[in-house]
Amino acid sequence: MNKGTLTPVLVLAVALACGRPATAQLTPDQAKRIAAAAPARARVAPKKPRTVLVWNTPPAFMDRDPHKGYTIPQGAEAMRVLGVKTGAFRPVLSDDIAQFLPENLGKYDCVVMNNSSGPWTRPTEADLAKLKTHGPDADAVESLLRASLLDWVSAGGGIVAYHYAIGANGQWPQFQALLGGQFTGHPWNEEVSVKVEEPGHPLLAAFGGKDFRIADEIYEFAKVYERDRVRVLLSLDTRATSMNVKGINRKDGDFAQAWVKTHGKGRIFYSGFGHRTETWWNPAVLAFYLDAIQFACGDLDAPTEPRSEAPPGFVPLFDGKSLAGWQGDPKVWSVEGGAVTGRSQEGSQVRENTFLTWKEPLKDFELRLKFRLEGGNSGVYFRSVPRPAGQAKGEALAGMQADFDSTGRWNGVIMEYTLREVLAERGQKVLIDEKGTRKVVGRTGDAAELLKVFRDGEWNHYTVLAQGGKVVLTVNGRTMCELEDRDPKRIKQGLLGLQVHVGPPMTVRFKDIYLREIDKP
């Protein structure tokens with residue numbers, strides 16, 4: 001049943017009762033298992049002597065934290081053995097926050113956050129007694145420690161974090177952004193299937209390019225976790241894992257389990273493995289984490305840029321380099337930085353709503369793309385037709401549009417400009433009957449709360465589903481509005497167009513444009 005490189009460990013893992021608390025105390029037998037499972041040598045020679053801080057949860061936070069130090073001793077021993085046995089780095093184990101002062105942090109090439117949970121950037125009274133020369137109160141010292149960490153990473157420091165380290169410092173949103181995700185729960189504590197997303201990636205050599213099964217407490221992540229912000233290495237294979245468990249919050253089936261990213265010049269690695277004791281004498285996991293440390297130190301080169309690829313069943317409409325397949329005014333539309341870019345500039349703004357249109361008409365489809373708007377108004381027209389002569393010039397269209405603008409008024413609204421106008425406001429479920437009468441029949445949520453889903457000045461995910469008379473707009477995973485259009489006079493097929501709106505100067509960008517046709521016209 002098992003595959004990949006983890007089978008010997010899984011024999012033991014499956015025999016253990018799922019969900020039992022991990023043992024905190026390191027036993028002599030566990031230490032022997034860890035030493036035997038650790039790689040004999042590093043995959044690459046260090047470019048220079050490396051020193052790594054293995055950061056453990058300070059004891060003051062143990063009683064306040066639900067994990068209460070689960071497997072911190074085992075993880076610390078594993079990190080110590082990896083450094084000593086292979087010579088890849090000199091490990092320094094500590095739970096003293098003074099290590100994060102600028103004068104101390106600069107001594108390290110990498111910080112391993114060893115299940116280090118709790119609000120550990122917040123100094124305790126005992127900490128303040130030792131650090132009184134660094135600030136008059138807890139706020140000042142905490143501010144210093146936070147700035148020190150961010151500056152150190154930006155300048156080239158590396159971070160390796162695993163399991164509940166990502167749940168630390170919930171009072172500091174920048175910390176979750178730094179690591180690349182926010183812990184929202186652990187629906188699984190059992191054997192699961194894990195997908196190796198990029199078999200040739202240098203940090204995945206430990207798994208031999210093969211998917212595998214492992215027993216551990218498996219997390220899901222939200223908010224700051226997005227695939228356009230991190231390069232995902234491992235994810236839960238939902239096809240071979242039980243999804244009949246409680247506590248699943250994500251609706252898109254995306255359960256990443258390891259990723260890499262950068263922050264300034266710094267390299268960051270995160271993995272969800274590390275709850276169960278047996279994880280720490282799993283040879284593949286130890287090799288994986290050793291490679292991660294060498295990556296974070298700068299010895300093992302590995303790509304970190306987020307990958308863009310078509311979801312299953314979808315085809316790309318944009319190659320990231322040219323406007324092949326699209327038609328539009330080259331004075332307005334271009335490709336910049338790997339994104340379709342529409343721009344209306346100061347002093348030469350467009351005089352009519354201007355469009356970049358796809359070469360083929362569409363009928364029933366699902367469209368997924370990302371957009372970023374800087375000022376003005378834009379949107380995605382679909383099932384649209386050229387406006388009647390005399391109403392507009394050039395490539396102006398009439399038809400449904402998935403709207404968005406810089407004021408927020410039109411975000412997540414289905415509009416049919418010059419025809420039936422607003423069809424569904426953000427937060428509405430609308431029925432248009434056979435006589436063309438429009439009626440609000442339900443809600444997808446509060447309009448003001450849904451507006452908060454949009455990220456001003458950042459990339460947003462937009463999904464447009466148009467199947468028969470049903471139209472659904474989804475932004476960043478939240479349904480904005482739904483329309484059931486039974487009007488026999490509705491436009492059933494037409495052009496897809498990206499819009500630059502008349503008005504103030506603006507720039508709109510689109511990328512990762514993918515289409516799944518449900519019924520070709």
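Each reported figure results from applying straightforward, stated rules to the coordinates on display, with no laboratory input. This is a predicted model, so every value here is computed, not measured. Positions of Cβ are generated from backbone atoms using ideal geometry, with glycine treated the same way; all protein chains shown enter the neighbour counts.
Structure summary
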read-out: Listed peptides 320-328, 274-282 by packing density, highest first (mean Cβ within 10 Å); value: 274-282, 320-328
read-out: Förster-model FRET efficiency, 22 Å R0, Ala138 and Asp96, C-beta, rounded to 0.05; value: 0.85
read-out: Highest to lowest packing among 413-425, 177-189, scored as the average C-beta count within 10 Å; value: 177-189, 413-425
read-out: Karplus (6.51, -1.76, 1.60) ³J(HN,Hα), θ = phi - 60°, over segment 470-482, in Hz, Gly and Pro reported as x; value: 8, 10, 10, 9, 10, 10, 6, x, 10, 6, 7, 7, 9
read-out: Point-to-point label distance, Arg239-Ala36, nm (Cα→Cβ direction, 7 Å offset); value: 3.6 nm
read-out: Potential lengthening between Asp446 and Ala126 on full extension [0.36 nm per residue; Cα-Cα distance subtracted]; value: 110.6 nm
read-out: Sites Ser334 and Glu198 - FRET efficiency at Förster radius 30 Å, r taken between beta-carbons, to 0.05; value: 0.50
read-out: Extension gain, Ala222 back to Ile248 (0.36 nm per residue minus Cα-Cα distance, nm); value: 8.2 nm
read-out: Spacing of the two label points (7 Å from each Cα toward its C-beta) at Ala324 and Thr27, in nm; value: 6.1 nm
read-out: Glu352-Arg229 pseudo-label distance in nm [points 7 Å out on the Cα-to-Cβ vector]; value: 4.1 nm
read-out: Burial order of peptide ranges 447-456, 431-440 (average beta-carbon count within 10 Å, highest first); value: 447-456, 431-440
read-out: Cα-centred dipole magnitude for segment 144-291, charges only on beta-carbon of K, R (+1) and D, E (-1), debye, nearest 20; value: 340 debye
read-out: Unsatisfied cross-links (Cα-Cα over 31 Å) in the set Lys223/Lys265; Lys331/Lys439; Lys261/Lys370; Lys210/Lys359; Lys223/Lys321; Lys261/Lys359; value: Lys331/Lys439; Lys210/Lys359; Lys261/Lys359
read-out: Extension reserve of the Asp456-Ala45 stretch, reckoned as 0.36 nm per residue once the Cα distance is removed; value: 143.5 nm
